[in-house]
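Student: The structure under discussion is supplied below as structure tokens; questions concerning it will follow.
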Amino acid sequence: MIKISLDTNAVLDLCYRTYPEQIFLEIWSSLEACKSANQIKFYMCEAVLHEIEQKITDYEYDESVFIAFLDRFCVHQINPNEHGSSILTLKQELLKYEASRSSQHVMKDNYADLDVISLAYHYGVDTCVITCEQRTPFFNWENKSHTRNMKIPNICEKLNIECGNWSDLFLKLGFVF
């Protein structure tokens, strides 16, 4: 089973922006089949849940779509206490590098980006992070000025955590459309 840690924009992309069910019924059906066959399990940290709820309000999205997603895919919602030690471990690891010492990933508590990564780190083998962020090429961990360029895929790469977007997951699951 692949344990999938979801970030805010990945969920918004699936539910509203890029792959809404009304248009991409086959993708949603295929994901549901994978969930039913125990091939995948979605995880969402509390910080991401709150961020999504705020974005739904800000953009006036239909909240019932998100609630239906949570129910349909039995998204396991995690509070920080369940993976707090992983967050601390990741912050300690990031403190080793100039580029991340003063980043929000280290300085801010309940920072959704780090929570998404720490969930995957916490669950270990057969996990991945789904995000719409793109890896910053040529990121230099020893350059303090690179703090603003650090993205979820850069951190995942540094920590050997699998990371990708929905298309990467669809390919991994063998979806053919």
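The values are calculated or read from the model by the stated rules, or taken from the named source; none is laboratory data. These numbers come from a predicted model, not from an experiment. Cβ atoms come from the backbone with ideal geometry, glycine included; neighbour counts cover every protein chain shown. Side chains are part of the model used for accessible areas, which takes the heavy atoms of the whole protein and leaves out ligands, DNA and RNA. Shrake-Rupley method; radii C 1.70, N 1.55, O 1.52, S 1.80 Å.
Student: So GLN104 ticks every box in (1) under 30 Å from ASN140 (Cβ atoms); (2) touching a residue at least 60 places away in the same chain (Cβ under 8 Å); (3) within 17 Å of the chain's Cα centre (by Cα) but one. Which box is left unticked?
Tutor: All conditions are met except number (2).
Student: While we're here: Can you tell which of LEU90, LEU95 is within 18 Å of the chain's Cα centre (by Cα) and either within 26 Å of LEU169 (Cα to Cα) or open to solvent by 40 Å² or more (accessible area, probe 1.4 Å) (or both)?
Tutor: So the residue among LEU90, LEU95 that is within 18 Å of the chain's Cα centre (by Cα) and either within 26 Å of LEU169 (Cα to Cα) or open to solvent by 40 Å² or more (accessible area, probe 1.4 Å) (or both) is LEU90.
Student: Residues of region 41-65 being loosely packed, with under 12 Cβ neighbours inside 10 Å and among the β-branched types (Val, Ile, Thr), which ones?
Tutor: Of everything in region 41-65, just one residue is loosely packed, with under 12 Cβ neighbours inside 10 Å and among the β-branched types (Val, Ile, Thr), namely THR57.
Student: GLU26 is checked against (1) over 24 Å from ASN81 (Cβ atoms); (2) among the charged types (D, E, K, R); (3) within 18 Å of the chain's Cα centre (by Cα) and fails just one. What number does that condition carry?
Tutor: (3)
Student: Hey, ILE4 hits all of (1) modelled with pLDDT of 95 or more; (2) open to solvent by less than 10 Å² (accessible area, probe 1.4 Å); (3) part of a helix (DSSP H, G or I) but one; which does it fall short on?
Tutor: (3)
Student: Would you confirm whether any residue within region 29-40 is open to solvent by less than 20 Å² (accessible area, probe 1.4 Å), under 25 Å from ASP109 (Cα atoms) and in a helix (DSSP H, G or I)?
Tutor: Scanning region 29-40 turns up no residue that is open to solvent by less than 20 Å² (accessible area, probe 1.4 Å), under 25 Å from ASP109 (Cα atoms) and in a helix (DSSP H, G or I).
Student: What are the pairs with Cβ atoms under 9 angstrom where one residue, in region 23-38, is within 14 Å of PHE170 (Cα to Cα) and among the polar types (S, T, N, Q) and the other, located anywhere, is open to solvent by less than 60 Å² (accessible area, probe 1.4 Å) and not in a loop (DSSP other than H, G, I, E, B)? Sequence gap at least six, or different chains.
Tutor: Close Cβ pairs (under 9 Å, with a partner that is open to solvent by less than 60 Å² (accessible area, probe 1.4 Å) and not in a loop (DSSP other than H, G, I, E, B)) amount to SER30/PHE170.
Student: Also: Give me a count of the residues in region 112-133 that are among the hydroxyl-bearing types (Ser, Thr, Tyr) and closer than 23 Å to TYR16 by Cβ. Let's see the steps before the verdict.
Tutor: Taking region 112-133 as the starting set, the residues that turn out to be among the hydroxyl-bearing types (Ser, Thr, Tyr) are 118, 121, 123, 127, 131.
The next check asks that each one be closer than 23 Å to TYR16 by Cβ; those that pass are 131.
Qualifying residue count, region 112-133: 1.
Student: Scan region 156-177 and report the pairs whose first residue is of a type in the set (S, T, N, Q) and whose second residue is in a loop (DSSP other than H, G, I, E, B), with Cβ atoms within less than 9 Å and a gap of 6+ or a chain change.
Tutor: From residues that are of a type in the set (S, T, N, Q), the pairs are ASN165/THR131; ASN165/CYS132; ASN165/GLU133; ASN165/GLN134.
Student: Using the structure shown, decide if ASP71 is open to solvent by 20 Å² or more (accessible area, probe 1.4 Å) and not in a helix (DSSP H, G or I).
Tutor: On the way: open to solvent by 20 Å² or more (accessible area, probe 1.4 Å): yes; not in a helix (DSSP H, G or I): no.
No; evaluated as a whole, the condition is false for this residue.
Student: Here is a list of conditions, (1) closer than 30 Å to HIS146 by Cα; (2) of a type outside the set (S, T, N, Q); (3) assigned to a helix (DSSP H, G or I); (4) open to solvent by 60 Å² or more (accessible area, probe 1.4 Å), and ASP109 meets all of them except one; can you say which number that is?
Tutor: So the condition that ASP109 fails would be (3).
Student: From the list LEU114, LEU119, LEU171, which one is in a helix (DSSP H, G or I) and over 10 Å from the mean Cα position of the chain (by Cα)? Let's see the steps before the verdict.
Tutor: Values: LEU114 fails: over 10 Å from the mean Cα position of the chain (by Cα); LEU119 fails: over 10 Å from the mean Cα position of the chain (by Cα).
So the residue among LEU114, LEU119, LEU171 that is in a helix (DSSP H, G or I) and over 10 Å from the mean Cα position of the chain (by Cα) is LEU171.
Student: Going residue by residue through region 127-143, is there one that turns out to be within 21 Å of LYS3 (Cα to Cα), without any contact (Cβ under 8 Å) to a residue 60 or more places away in the chain, outside any loop (DSSP other than H, G, I, E, B) and in contact with a strand residue (DSSP E or B) (Cβ under 9 Å, 6 or more places away or on another chain)?
Tutor: Looking for residues that are within 21 Å of LYS3 (Cα to Cα), without any contact (Cβ under 8 Å) to a residue 60 or more places away in the chain, outside any loop (DSSP other than H, G, I, E, B) and in contact with a strand residue (DSSP E or B) (Cβ under 9 Å, 6 or more places away or on another chain), one finds none in region 127-143, hence no.
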